[in-house]
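The values are calculated or read from the model by the stated rules, or taken from the named source; none is laboratory data. Predicted model only: the values in this text are computed from it and were never measured. Please note: Cβ atoms are built from the backbone with ideal geometry, for glycine as well, and neighbour counts cover all protein chains shown.
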Amino acid sequence: MGISGDMFLASLIDLGLDHRALLKEIRKLPVDRIDVEVGKESRHSIAGTTFRVRLHEARHHRTFRDIRRMISGSALKPGVKRLSIEIFRLIAEAEGKMHGVPADKVHFHEIGAMDSIIDIVGAAIAIDILKPGKVVCSPLPLGSGWADTMHGRIPIPAPATVEILKGAPVAASTIPFELTTPTGAAIMKAIASFGAMPSMTIEKTGYGAGKKDFRESANLARAILGAVDDKAKDEGVEELLVLETNIDDMSAQVAGYLMDRLLSAGALDAYFTPVQMKKSRPGVLLTVLTRPSDREAMLGLIFEESTSIGVRVYPVERHCLERKIVKVRTPFGNIPVKVSFRAGKAVNVQPEYEDCRAAAQKRGVALKTVMAAALAASMKKII
């Protein structure tokens, strides 16, 4: 029926997310008092959960820079900080484009109010708690009509919402109300891919009730939690995204810095491949492997830190072997060895490089000697 920050959080609480754990993390924001009410309401005879922030702060106008500083200076987890700031960045860039100002200088009015900050930070916390392997969102109905704001009357969907959802499928709706807010749109754009419900076994469902109760349809956001089949779990199958871009005008120093930023921000893999580009120019192909939930963060880094003006994105499957670390005894000390299994059988054994390196330096022997000893000891122990 649409999405807003409070409906998103309410649907996950209805799904089973512990709202006390959520509130405990939210209270790490540097504010004096945060009051949240979680309740139950019905929409068209469907019971749903509500999530209402009760605050009456005087200051509602903040810039993206103010909000980023508030979040960065909090005691929240690093991943929560990154995702929260990424969601705000999507809104700031959309608002900045609408108003013709840089994103850092965008003044958030309603979005800058503390209840909206709590919705967005709460969404990042919820994702960190649930740790879904993949998030999929159905096409979003946006609503229609007009809304009165401090800037005057604007059309629904709001210009910022339309800008945020560029490239995402939307659904038709004639209900004269803002069904998808900029906050809800930005949360979905940051964490989800858009499309049909994937193949899975449904485990839980949850309903988040919106503030309005429409005659035409049930104003609810539904969350469905499911699991892939056991075979896919056993084989370590993950649905990931590959981001690619060809670059021929970036310095080596910037390229190295970009790689460090991508890997620090959570990229599963990132590398450069030499390529020949237009006009016989030598260039590089940047390839980044990432989870769908980190897509917008990776895109943001590529566009901000490189000279790329376009990135290709496509889904891939990654098959990973089960792994565990086993310590083996060698003449040079105990060395950790990584063992990979397929269908319960060890298929790959690799001594840990850093430990072998440290042992080789300490004992004054060649690195390859330590690695060979660790490999031989692991074969005796595992096979």
(request) Assess whether SER116 counts as being within 23 Å of VAL53 (Cβ to Cβ), among the polar types (S, T, N, Q) and in contact with a Leu (Cβ under 9 Å, 6 or more places away or on another chain). (result) no
(request) Filter region 184-223 for residues that are closer than 14 Å to GLY143 by Cβ and out of contact with any strand residue (DSSP E or B) (no Cβ under 6 Å at 6 or more places or on another chain) and give the result. (result) ALA185, GLY210, LYS211, LYS212, PHE214, GLU216, SER217
(message) Of everything in region 285-318, what is in contact (Cβ under 8 Å) with a residue 40 or more places away in the chain, over 23 Å from GLY195 (Cα atoms) and not hydrophobic (A, V, I, L, M, F, W, C)? Give them in sequence order.
(response) THR287, GLU305, SER306, THR307, SER308
(message) On the basis of being modelled with pLDDT of 85 or more and surrounded by fewer than 16 Cβ atoms within 10 Å (Cβ to Cβ), does PRO102 make the cut?
(response) no
(request) Go through region 140-231 and tell me which strands (runs of 3 or more DSSP E), entirely inside it, have 2 or more residues that are within 27 Å of HIS44 (Cα to Cα) and in the same structural domain as ILE125 (by TED's automatic domain parsing). (result) 146-149, 201-209, 220-227
(request) Evaluate region 165-179: report whether one residue or more is under 19 Å from the mean Cα position of the chain (by Cα), without any contact (Cβ under 8 Å) to a residue 12 or more places away in the chain and surrounded by fewer than 20 Cβ atoms within 10 Å (Cβ to Cβ). (result) yes
(request) Check GLY283 against each of (1) under 26 Å from VAL135 (Cα atoms); (2) in a strand (DSSP E or B); (3) not charged (D, E, K, R) and name the one condition it does not meet. (result) (1)
(message) Name the residue that is modelled with the lowest pLDDT, counting only residues in region 361-383 that are part of a helix (DSSP H, G or I) and β-branched (Val, Ile, Thr).
(response) ILE382
(request) Of the conditions (1) touching a strand residue (DSSP E or B) at 6+ places or on another chain (Cβ under 9 Å); (2) crowded, with 16+ Cβ neighbours inside 10 Å, GLU296 clears all except one; give me its number. (result) (1)
(message) Exactly one of these conditions fails for PRO274: (1) assigned to a strand (DSSP E or B); (2) more than 30 Å from ALA47 (Cα to Cα); (3) touching a residue at least 40 places away in the same chain (Cβ under 8 Å). Give me its number.
(response) (3)
